[in-house]
Amino acid sequence: MDLRQLSDRAARFRPINGAPSWSLRIVNATKGTRAKVYVYDVVGGWDLTADDFVQQMHALDVDDIDLHINSPGGYVFDGIAIYSALKNHRAKVTTHVDGLAASAASFIAMAGDEIVIEKPARMMIHDAMGVALGNAGDLREYADLLDETSDTIAAVYADRAGGKPSDWRAAMLANNRSGTWYTAHAAVDAGLADRVGNDTPTPEDRTSQLIRARARVLQKG
């Protein structure tokens, strides 16, 4: 989640096959019903800016939004703006992690009232990263900004998945500060998703989902 330029990780994962951009699509948007929204690119890149996304969200007059994600992440503040637009929309939002929800895309996924991750899909969380230029004071100030931003993101995970922000920050710093990867079932176990797509929920799964939902209500109350 880079603050001033796309992260090196995002660049490494970005598709390079020259296919036409499908980064932000809104389909089947009928007033009062359901819309499908596809986030399939680097967050904050040329084809997926927060400005475009938020404008299109404001124009959606629907009861349900299916948000499909396959993204390596990108600009942290674009991600926060997209997350906020989804959280503030009147519709019920169901997040679908179709392939990858990494970095900034992972906390965008947290905007879902329900989060579904496909069995082969992955999620990844890590600390905010960035590049700064200046004197020693400038760099210290920038380091503080990175820490503060990472704490904010950790609180987003805690708000949706449960647990303490400090625990999520530890996961973001794990593996020699490279972050933590989650398989579909690991994401559900961690609370980052509610269920794996096409899996039949067991009574234990339903109980766990109810407990997490109840915890989120209490946290907001």
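Please compute, for the alpha-carbon atoms of the stretch 33-138, the extent along each of the three principal axes and give them in descending order in Å.
Principal extents (largest minus smallest coordinate, Cα): 54, 32, 22 Å.
Would you list Arg160, Arg169 from fewest to most Cβ contacts within 10 Å?
Lowest count first: Arg169, Arg160.
Give, as a single signed number, the net charge of other residues whose beta carbon lies under 9 Å from the beta carbon of Val93, with Lys and Arg counted +1 and Asp and Glu -1.
Around Val93, the charge tally is -2.
Go ahead and run the numbers for FRET between Arg34 and Leu133, Cβ-Cβ distance against an R0 of 45 Å, rounding to 0.05. Please list the in-between numbers first.
Working: r = 46 Å, r/R0 = 1.03.
Computed FRET efficiency for Arg34 and Leu133: 0.45.
How big is D, in µm² s⁻¹, for the stretch 75-197 by Stokes-Einstein at 4 °C and 1.567 mPa s if Rh is the Kirkwood radius over C-alpha pairs? The partial results should precede the final answer.
Working: Rh = 14.8 Å.
D, rounded to a whole number, is 87 µm²/s.
Please list, by residue number, every one of the trypsin sites (Lys or Arg not before Pro) in the stretch 53-120 that is coil in DSSP and has at most 12 other beta-carbon atoms within 10 Å. Mind dumping the intermediate values first?
Values: sites: Lys87, Arg90, Lys92; in loops: Arg90.
Listed in order of number, the matching sites are Arg90.
Within straight cross-link reach of Lys164, meaning Cα distance under 13 Å, which aspartates and glutamates are found once same-chain residues fewer than 8 apart are removed?
Asp151
Alpha carbon centre of the stretch 171-196 versus the stretch 100-139: separation in Å?
12 Å
What does the C-alpha gyration tensor say about the overall shape of the stretch 30-75? Classify as rounded when a/c is under 1.5, otherwise prolate if a/b is larger than b/c, or oblate. Present the calculation step by step, with values, prior to reporting the outcome.
Working: a/c = 3.67, a/b = 1.79, b/c = 2.05.
Oblate.
Could you check the simple spin-label distance between Asp47 and Glu114, using points 7 Å along Cα→Cβ, in nm with one decimal?
With each label placed 7 Å out from Cα toward Cβ, I get 2.9 nm.
Would you calculate the separation in nanometres between label points at Asp61 and Thr183, each defined as 7 Å from the Cα along the Cα-to-beta-carbon direction?
Going from the Asp61 label point to the Thr183 one covers 4.7 nm.
None of the figures in this text is laboratory data; all of them are computed from the coordinates on show. Predicted model only: the values in this text are computed from it and were never measured. Here the Cβ is made from the backbone with ideal geometry for all residues, glycine too, and neighbour counts use every protein chain on show.
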